[in-house]
1. Kirkwood Rh, segment B:71-146, all Cα pairs: how many Å?
2. Do the sum for chain A: with -39,500 (n - 2.57) for every DSSP H run of n ≥ 4, divided by all residues, what is the mean residue ellipticity at 222 nm, to the nearest 500 deg cm²/dmol?
3. Only counting other Cβ atoms within 10 Å, I'd like B:Met20, B:Met66 sorted with the fewest neighbours first.
4. If you average over every viewing direction, what projected area does the convex hull of the Cα atoms of chain B give, in nm²?
5. Pick out, from A:Ala16, A:Thr55, A:Ala36, the residue whose Cα sits farthest towards the positive end of the charge dipole of chain A, with +1 on the Cβ of Lys and Arg and -1 on the Cβ of Asp and Glu.
6. For chain A, just say rounded, prolate or oblate: build the C-alpha gyration tensor, square-root its eigenvalues into a ≥ b ≥ c, call rounded for a/c under 1.5, and beyond that prolate if a/b exceeds b/c, oblate if not.
7. For segment B:71-146, what does the relative contact order come out to in percent, with C-alpha contacts under 8 Å and a separation of six or more?
8. Relative to the longest principal Cα axis of chain B, at what angle does helix B:4-22 sit, 0 to 90 degrees, rounded to 10?
Amino acid sequence: MLLFRSEEHVDRWCKAWNLPRGAVLSPDQTWGLAQAWHSADRRDPAWRRRTVEETEEVFRGLGLDGAFWQLR
Amino acid sequence: MPTPEQTDLTVRAAVYDSVMSRSKPFTARELSQALDLPLAEAKASLERLASGRVLVLQPESREVLMAPPFSAIPTPFAVLAAGRVYFGNCIWDALGIPAMLGCDARVETSCGCCGEAMSMSVEGRALQAPEGLVHFAIPARRWWEDIVYS
């Protein structure tokens, strides 16, 4: 997951690496995802990885839907 | 005698404690010494935590490579936070560091395409005047096929 200056730079990078365009998020969406994903204290014995269902719920809550964000 | 599950909780906490307080996770030997564990048990615990996708280990040394969102080695995603320099594994993880630490931060990186310097600042739990776009190249269900590449 890389930061780019603009859509044009994303497209140029995808072309250079011969990769299809993936998902493009705004910095604010990425910050929301970072907060949802990483805020928990992993030193806490009660912490555990999310289930597939819980992860999909996080994506949906941030408006990240469609095939790119599906886990199954 | 702790169970493997209990050992893993202790090792996980020690790995995160170390990376949060000094920017580098404990090595297996440091874990062994800090937790008074036989070295083989510390190494076995790291392997179990990697199998459970809690940590990512380096391919040869089997030391910690990633304790998400932290990278154990320098990356192009430097995070200045709480008076330290941390490294994220990607731009998402770089923003995850102030999220986890609960503090302000500045992320120093560059455009993935052209290398132009770019930065992001988090102040008061909000992103300040963000610029640019974040590209996720790999669909979510394939991230763990090769998490280092992802």
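The numbers here are math on the coordinates, done by the rules we state, and not lab data. Remember, it's a predicted structure, so these values are computed and weren't measured experimentally. Here the Cβ positions follow ideal geometry from the backbone for every residue, glycine too, while neighbour counts run over all protein chains shown.
1. 13.1
2. Using -39500 (n - 2.57) per qualifying helix, the result is -13500 deg cm²/dmol.
3. B:Met20, B:Met66
4. Working: hull surface 39.3 nm².
Its average projected convex-hull area is 9.8 nm².
5. Value computed over the given set: A:Ala16.
6. Values: a/c = 2.43, a/b = 1.90, b/c = 1.28.
Since a/c reaches 1.5 and a/b is larger than b/c, the shape of chain A is classed as prolate.
7. It rounds to 21 percent for segment B:71-146.
8. 40
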